[in-house]
Structures are given as C-alpha cells and as structure tokens.
Amino acid sequence: MASIGGTTVIIFQGTVPGLQSRVECWEVAGYDGMGAQDTGQGHGFFRLHVEGYGAEATMNAWIAAMFALSGTTVDIVDGFGTTHSDVFIVNVRRVRKTAVGDGLGGSSYDTRAEAEILAAVQP
C-alpha cells in the first residue's frame, strides 16, 4: 500500500523521479558557440496527488499528518510498492475533505480527504 512518511494513502497519483545530471548552458554575446557545465545530480520539483478514505475523525488525523510533512525529508512508497528515500516535502496544499456515499444511502467510508504535495528528490 502506498504511503508518504509512514502515512497510508489509498490513491497515489504522480511519479517520483530519479536523480539525473543537471546541466547548465549559457551563451555569451560576441562569442561563437555555447558553454555547458554539469552541476551535479538532482531533479526539479514534482507534484503528487494523494487521497485517503475513512471515518471523519480518521481523515482529520490524516489531514494533520499531511500538513506535518511540510519541510521534512521522508520515504515514499508508491502504488507499485517501490520505496523512494530522501524525498523532501516542500509543502502540502489544496487539502480538502468531502463526504462520500455510495448513492444507495450507505457507504463503508464516509469521508474522503485529498492533498497536493510539492516535493523534491534529494541526492
């Protein structure tokens, strides 16, 4: 099951990218050609969309756990069971909570919570 920093998520959308060489290129007016420099391993920011389902009290705790991830380095287990270590959570936003029903007057879950997470892979 997918998780972020030990908190279980039911739906995990997005991909945690691997590290890759970052190259900075430049040109100087009056000179032919261009310059390039390898600035080391890294990757830019990426976004994840996560959701949880459960009782309202459980989802209130889930939302608090998501907000608590901001500014921390965590392990992420994606939907395929692959663990991604040393992922820095920049911020958690667009958190919302909605009531859920099965359309038949009942449901095994009564609350859905979702969050957008901005993160970066650490070398």
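Values in this text are rule-based calculations from the coordinates and carry no lab data. Predicted, not measured: the structure shown is a model, and the values here were computed from it. Virtual Cβ from ideal backbone geometry, glycine too; neighbours counted across all protein chains shown.
In the chain, helical runs assigned H by DSSP with n ≥ 4 each contribute -39500 (n - 2.57); averaged across all residues and rounded to the nearest 500, the mean residue ellipticity at 222 nm is -3500 deg cm²/dmol. Taking a Cβ cut-off of under 14 Å around Glu56, the surrounding Lys, Arg, Asp and Glu residues balance to a net charge of +2, with basic ones at +1 and acidic ones at -1.
When all alpha carbon pairs of the chain are counted in 10 Å bins from zero, the resulting P(r) reads 12, 36, 24, 14, 8, 4, 2, 0 %. Using C-alpha pairs below 8 Å separated by at least 6 residues, the relative contact order for the range 15-123 is 31 percent. About the centre of its Cα atoms, the chain shows a dipole size close to 360 debye [charges on the beta carbon of Lys, Arg (+1) and Asp, Glu (-1) only; nearest 20 debye].
The chymotrypsin sites (Phe, Trp or Tyr not before Pro) of the range 1-64 that DSSP puts in a loop, and whose beta carbon has at most 12 other beta carbons within 10 Å, are Tyr31. Legend: translational diffusion of the range 1-70 by Stokes-Einstein, Rh = Kirkwood radius over C-alpha pairs, 10 °C, 1.306 mPa s; D = 101 µm²/s.
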